[in-house]
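Engineer: Take this structure, written in structure tokens, and hold onto it; I'll ask about it next.
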Amino acid sequence: MTSANLYRHRWLLIRLPIVLAALALAALAWWWLYPMPQATLTISTGQADGAYQRHAQQYVDAFARRGIVLKVLESEGSTTNLERLQATPPRADLALVQGGFGWSSAPGTAAAREGWTVQTLGCVDIEVLWLFSQDRPLTSLLELVGKRVAAGPEGSGHRAMLKRLLKQLHLTPDQIALSDLSGLAARDALAQHRVDAVFMVASPSAPGVAALLSSPGIHLASLRRTTAISERNNYLEPRLLPEDAMGPHQPPQDISVLTTPTHLLVRQGLDPALKRIATAVAVEVHGSATPFLLAGEFPYLRFSDFPSAPEARQVLSQGLEGLEAVLPFWWAQLLQRLLVIGVPLLLLSLLLSRLVPAWVRWRLENRVTRWYGELRFIENDLAANAVNLGGMDLSRIHARLNAMEIAIVGEGLPPELAQRCYTLRQHVHFVRRRIGEYRGR
């Protein structure tokens, strides 16, 4: 295909392929380099009557307002939640996990074995180590020896925490009869004397905690040496639970308790935009006051037991920024991709659509200029050797002119260059007449 034919059909042969290539690159970048975030997330929580489940239901509503579907998976507790996040492939995108499963995890736990493939979006709640009993309040975990204790099922944070504390006291699991009951079921078992104590790691807002605190004849333990225990376990912190902090006579007096933070975890490979939105949701859901923190203090990243997500630090310090701050989530993501992918490719397409035809035209004009130069060379040759030119020389020059004229006609220059082509052919005829004059002398 000649350059003249290419230029003559430049809309079909140049500009249309450029547009199609730009669309193909945009589609490739959209689906591979910068895909839209997933529309459905999964969060692993806890047992049906726990605080984790209540938090998750609030997350469902907050995500729904942003056009994202959140599926809630019940679980035995923090151990199962962390395993779901770190599974291959992941079985959850978000999870609520109590303190003690991150930096402070003992060797052999799931986090230590598989490495850090999760991040925290913030500490969203404070959980208390609750120990309830009948007849009289307990003051030490050593008093559990030989008793039946409801500590939640295997995989729950309750049981994992109790086993860790008992090990530090050099107690073996066979010295205590552990039951899988937790929450409301544990309250009923304690009231019916089917267990002697209930150990829970739960938020003050958990339904099971409120039920146990309000049950007559059930006492909350006031553990001694809480400071010493917290020094051995840096994920624990002693706090004062004030009298009536959770309602009338709940608790009936100021009690020193051990607390640990609740982490909202996210798998590391989740889309950064979804991490930012999840952090904003946590700020919305957990912004109210609690018995231990003032309104607006949750969520926070200080004393985090897990590596924090950069997106969480950004949102907690500055809030949502750019398009995400003023537009609904999906419109913001769509417009971001149009700006990041569409605008550069559009500008590149426009530039190539002008440069490539201009380059082809320049080649054509350069070819006409070369013909003019060759014609000028022939004229100079005729003028310099007018006396010495013989028949063979004139025939050779005439053949060159014929070849030039055939090339000019066969090139089929576009209308934009027709005037120059017509003028060039006139000059060829003029030189041909001069050759005829030389032959007639």
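Engineer: Given R₀ = 60 Å, what would the calculated FRET efficiency be for THR423 paired with LEU25, taking r from the Cβ atoms and rounding to 0.05?
Structural biologist: With R0 = 60 Å, the Cβ-Cβ based efficiency is 0.90.
Engineer: Then there's this: Taking the alpha-carbon distance from LYS167 and a cut-off under 26 Å, which lysines remain once sequence neighbours fewer than 8 residues away in the same chain are dropped?
Structural biologist: Counting by Cα, and skipping residues close in sequence, LYS167 has these lysines nearby: LYS147.
Engineer: With a ≥ b ≥ c the root eigenvalues of the C-alpha gyration tensor of the stretch 103-233, is it rounded (a/c under 1.5), prolate (a/b larger than b/c) or oblate?
Structural biologist: Prolate, since a/c reaches 1.5 and a/b exceeds b/c.
Engineer: What's the ranking of 311-322, 279-290 by average number of surrounding C-beta atoms within 10 Å, highest first?
Structural biologist: Descending packing order for the listed peptides: 279-290, 311-322.
Engineer: Which entry in [x] 40, 29, 17; [y] 88, 19, 16; [z] 37, 22, 21 is this structure's computed semi-axes √(5λ) of the Cα gyration tensor in Å?
Structural biologist: It is the one labelled [y].
Engineer: Work through the residues other than VAL69 whose Cβ is under 15 Å from its Cβ and net out their charges, Lys, Arg +1 and Asp, Glu -1.
Structural biologist: Summing Lys and Arg as +1 and Asp and Glu as -1 gives 0.
Engineer: Further question on the same structure: All other residues with a Cβ under 12 Å from the Cβ of LEU96 taken together, and with Lys, Arg as +1 and Asp, Glu as -1, what is their net charge?
Structural biologist: Summing Lys/Arg as +1 and Asp/Glu as -1 gives -1.
Engineer: If you take every residue apart from THR45 with its C-beta less than 11 Å away from the C-beta of THR45, what net charge results, scoring Lys and Arg +1 and Asp and Glu -1?
Structural biologist: +1
Engineer: Answer rounded, prolate or oblate for the stretch 267-312, using the Cα gyration tensor with square roots of eigenvalues a ≥ b ≥ c: rounded when a/c is under 1.5, else prolate when a/b is larger than b/c, else oblate.
Structural biologist: In terms of gyration-tensor shape, oblate.
Engineer: Then there's this: Just to check, using Stokes-Einstein with a Kirkwood Rh over alpha carbon pairs, what's the diffusion coefficient of the stretch 181-278 at 20 °C and 1.002 mPa s in µm²/s?
Structural biologist: 136
Engineer: Can I ask one more? If you plug each phi of the stretch 249-254 into the Karplus form 6.51 cos²θ - 1.76 cosθ + 1.60 with θ = phi - 60°, what whole-Hz ³J(HN,Hα) values come out, in order, with x for Gly and Pro?
Structural biologist: Working through the residues one at a time gives 6, 10, x, x, 7, 4 Hz.
Engineer: Starting from the Cα of THR2, step 7 Å along the direction of its Cβ; do the same at ALA48; then give the gap between the two resulting points in nm.
Structural biologist: 8.4
Engineer: For GLU143, put the label point 7 Å out on the Cα→Cβ axis and report which residues of the stretch 202-228 keep their amide N under 19 Å from it.
Structural biologist: Only 212-228 fall inside the zone, counting backbone N under 19 Å.
Engineer: Suppose we keep just the DSSP beta bridges with both residues in the chain; what percent of those would be antiparallel, to 5?
Structural biologist: Approximately 70 percent, going by the DSSP bridge assignments.
Engineer: Next up: Calculate the dipole size of the chain relative to its Cα centre from +1 charges on Lys and Arg beta carbons and -1 charges on Asp and Glu beta carbons; express the result in debye to the nearest 20.
Structural biologist: 2880
Engineer: How much length, in nm to one decimal, is gained on full extension between ALA185 and ARG363, taken as 0.36 nm per residue of separation minus their Cα-Cα distance?
Structural biologist: 55.4 nm
Engineer: Taking the full set of protein chains and a 1.4 angstrom probe, give the accessible area of ASP61 in square angstrom, rounded to the nearest 10.
Structural biologist: Solvent-accessible area, nearest 10 Å²: 90 Å².
Engineer: Which value, in Å to one decimal place, does the Kirkwood hydrodynamic radius take for the stretch 7-108 when every pair of different Cα atoms is included?
Structural biologist: Kirkwood radius, the stretch 7-108: 17.1 Å.
Engineer: Can I ask one more? If I take all pairs of Cα atoms in the stretch 151-210, what percentage of them are more than 12 Å from each other?
Structural biologist: That tail contains 67 percent of the Cα-Cα pairs.
Engineer: Going by alpha carbons, how many degrees (0 to 90, nearest 10) lie between the helix axis of 418-440 and the longest principal axis of the chain?
Structural biologist: 30
Engineer: So how far apart, in nm, are the two label points at LEU334 and ALA177 if each is 7 Å from Cα heading toward Cβ?
Structural biologist: Between LEU334 and ALA177, the label points sit 6.3 nm apart.
Engineer: Express in nm, to one decimal, how much length is gained between GLN253 and GLN168 on full extension, taking 0.36 nm for each residue of separation and deducting their alpha carbon distance.
Structural biologist: Result for the pair: 27.7 nm of gain on full extension.
Engineer: Right, here's the next one. For the Cα atoms of the chain, what angle does the longest principal axis make with the long axis of helix 272-285, in degrees from 0 to 90, nearest 10?
Structural biologist: Helix 272-285 and the main axis of the chain meet at about 40 degrees.
The values are calculated or read from the model by the stated rules, or taken from the named source; none is laboratory data. Small disclaimer: the values here were computed from a predicted structure and weren't measured. Quick reminder, even Gly has a Cβ in these numbers, built from the backbone with ideal geometry, and neighbours come from all protein chains shown. Side chains included, ligands, DNA and RNA excluded: accessible areas come from the protein's heavy atoms. Shrake-Rupley method; radii C 1.70, N 1.55, O 1.52, S 1.80 Å.
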